[in-house]
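The values are calculated or read from the model by the stated rules, or taken from the named source; none is laboratory data. Just so you know, these numbers come straight off a predicted model, no measurement behind them. Backbone-built Cβ (ideal geometry, glycine too); neighbour counts: all protein chains shown.
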Amino acid sequence: MKKYSLPIVLVLICAQILSAQNTTIGNKGKETTVGLHKVMIIPFEPKLYNSEIDYLVNKETKLSGKEIKFKFRDGINEQLFKAFKNTKYGVIDLMEDTVKYKKDMIGIYSHLNYEFVKVPDQEHYKPPQKEKSEKQVEKGQIKVETNNDVRFMNAKIDNPKLVPMLYGKYKTDVFVFINQLDIKAAMSSTEFAGGGNEYRKIVVHYTVYTYDAKEINSGIAEQEFPADLNDPNKIINKYFSKVAETINARVVKALTPGK
């Protein structure tokens, strides 16, 4: 057995303490290294899931509609977890244990309002503002101007204490809200989905807040995938992962001083 002098023993103990402080147990049985930030990923509410391919997924995999929704809901969070982990951020995924985090998710959802607003310019990001519809009267009729700008589902917090409370409880200083998931067929009708079309599209609507309830990024992240691909695992691992990388890159940019 090796013998160490007291100073060396103290150094070894301090090193172990510092190592323990820099590591937390992450979801899915993995460890995440706590770097500059710790991220909480909040899944979309089940009602905010729009898919045009579930019929074909069911036909090929025999998964029920509920199972397909849960798989994709968990899948986007899982890929975001991996992306943030690779960035050396600490991560908490509320989909890790839906029973454990159920009370928190219900509380979070109860303080969210959703607004359908213009997709912001990511190159010169500014938090989107709710638009006032301008009505004009023409020949005695109210005329509403049409606007073809792309829009997304943005999450607004109506309780200023919510995010600071979560920060205090989990020590997470960045909050990524997945607001809505759209999986679009190449044609709008599911009757013809996948019938010789070249691609489908994943659209993730999201909003990112810091611990002081400041919105630092939001918008949509999109990714095309083959029209004949109906395996949820392959869609998640190959294509949801690219969506997650896009959101991760935007969050890192927003958190980088002097960006």
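Descriptive notes on the structure:
- Hey, ASN179 touching an Asp or Glu at 6+ places or on another chain (Cβ under 7 Å), at pLDDT 95 or above and not hydroxyl-bearing (Ser, Thr, Tyr) or not: no
- Among residues of region 204-240, those that are crowded, with 18+ Cβ neighbours inside 10 Å and under 13 Å from the mean Cα position of the chain (by Cα), counted: 12
- Qualifying residue in region 42-59 (condition: of a type in the set (S, T, N, Q) and more than 29 Å from ASN159 (Cβ to Cβ)): yes
- Of all residues making up region 92-107, the number that are surrounded by 12 or more Cβ atoms within 10 Å (Cβ to Cβ) and over 15 Å from LEU48 (Cα atoms): 9
- Any hit, region 119-136, residues being surrounded by fewer than 18 Cβ atoms within 10 Å (Cβ to Cβ), at negative phi, at pLDDT 95 or above and touching a Phe, Trp or Tyr at 6+ places or on another chain (Cβ under 8 Å): yes
- Pair list, Cβ under 7 Å, 6 or more apart: region 166-185 residue in contact (Cβ under 8 Å) with a residue 40 or more places away in the chain and at positive phi, other residue assigned to a strand (DSSP E or B) and surrounded by 19 or more Cβ atoms within 10 Å (Cβ to Cβ): LYS171/LYS38
- Filtered residue count, region 89-106, keeping only those that are within 16 Å of PHE175 (Cβ to Cβ) and either basic (Lys, Arg) or touching a helix residue (DSSP H, G or I) at 6+ places or on another chain (Cβ under 9 Å) (or both): 9
Per-residue answers, yes or no, for (1) charged (D, E, K, R); (2) in contact with a Leu (Cβ under 8 Å, 6 or more places away or on another chain); (3) modelled with pLDDT under 95; (4) in a loop (DSSP other than H, G, I, E, B):
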| position | (1), (2), (3), (4) |
| --- | --- |
| MET40 | no, yes, no, no |
| ASN50 | no, yes, no, no |
| VAL57 | no, yes, no, no |
| GLU60 | yes, no, no, no |
| LEU63 | no, no, no, yes |
| LYS69 | yes, no, no, no |
